[in-house]
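Quick notes on the structure that follows.
The values are calculated or read from the model by the stated rules, or taken from the named source; none is laboratory data. What you are looking at is a predicted structure, and each value in this text was computed from that prediction instead of being measured. A quick note on method: Cβ atoms are made from the backbone with ideal geometry, for glycine too, and the neighbour counts reach across all protein chains shown.
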Amino acid sequence: MKAKSKKPVSIDIGISDADRAKIAQGLSRLLADSYTLYLMTHNFHWNVTGPMFNTLHTMFMQQYTEQWNALDIIAERIRALGHPAPGTYSEFAKLASIKEVAGVPKAMDMIKHLVAAQEATARTARSLFPVVDKANDQPTADVLTQRLEIHEKTAWMLRSLMEE
């Protein structure tokens, strides 16, 4: 017996199919960067050592918790636009602009890696605005604005730890 193929339900939210696809592709890259940043931050939380252990351990926990919660917001926006959200390590590895950090870096190197990853995630979010603005997609613009505020502020706070 042949399985029936499911016909997608049409979506008419005032954004064209093509624009929804472009936005979903961009949000998928943001989700991949966000998940990679989450994983990096959680790894560093587990493995940080040195004189700033307590401060960094606590700070990293706050950061990875915030990032974990953001993953659903981004993925659910992709779904609301009618596209599947990526959800595997292999998909994230293909889509992410952030590369994994091998081994266990020293605390200050962890901070440097996290600054670079926060800034990369901000750049990914910012790169979506032209298509989002063209499509008049305020809900996605709102998600992007909120993510940018978090990533830019977090990068600033981490950078401040590197100043002498």
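For segment 44-90, which positions are surrounded by fewer than 20 Cβ atoms within 10 Å (Cβ to Cβ), closer than 20 Å to residue 140 by Cβ and β-branched (Val, Ile, Thr)?
73
Of the conditions (1) within 11 Å of the chain's Cα centre (by Cα); (2) over 16 Å from residue 125 (Cβ atoms), residue 106 fails just one. Which one is it?
Here residue 106 clears every test but (1).
Suppose the filter is surrounded by fewer than 20 Cβ atoms within 10 Å (Cβ to Cβ) and either closer than 16 Å to residue 24 by Cα or of a type in the set (Val, Ile, Thr) (or both); does residue 103 pass it?
No.
Does residue 98 satisfy the criteria of being buried (at least 18 other Cβ atoms within 10 Å of the Cβ) and within 11 Å of the chain's Cα centre (by Cα)?
So residue 98 passes the test.
Which of (1) modelled with pLDDT of 95 or more; (2) more than 12 Å from the chain's Cα centre (by Cα); (3) not aromatic (Phe, Trp, Tyr) is the odd one out, the single condition residue 125 does not satisfy?
Against the list (1) modelled with pLDDT of 95 or more; (2) more than 12 Å from the chain's Cα centre (by Cα); (3) not aromatic (Phe, Trp, Tyr), residue 125 comes up short only on (2).
Restricting to segment 120-132, and then to whatever is free of Cβ contacts under 8 Å to residues at least 24 places away in the same chain and surrounded by 13 or more Cβ atoms within 10 Å (Cβ to Cβ), can you tell me which residue is farthest from residue 64 (Cα to Cα)?
Looking at residues that are free of Cβ contacts under 8 Å to residues at least 24 places away in the same chain and surrounded by 13 or more Cβ atoms within 10 Å (Cβ to Cβ), I get 129.
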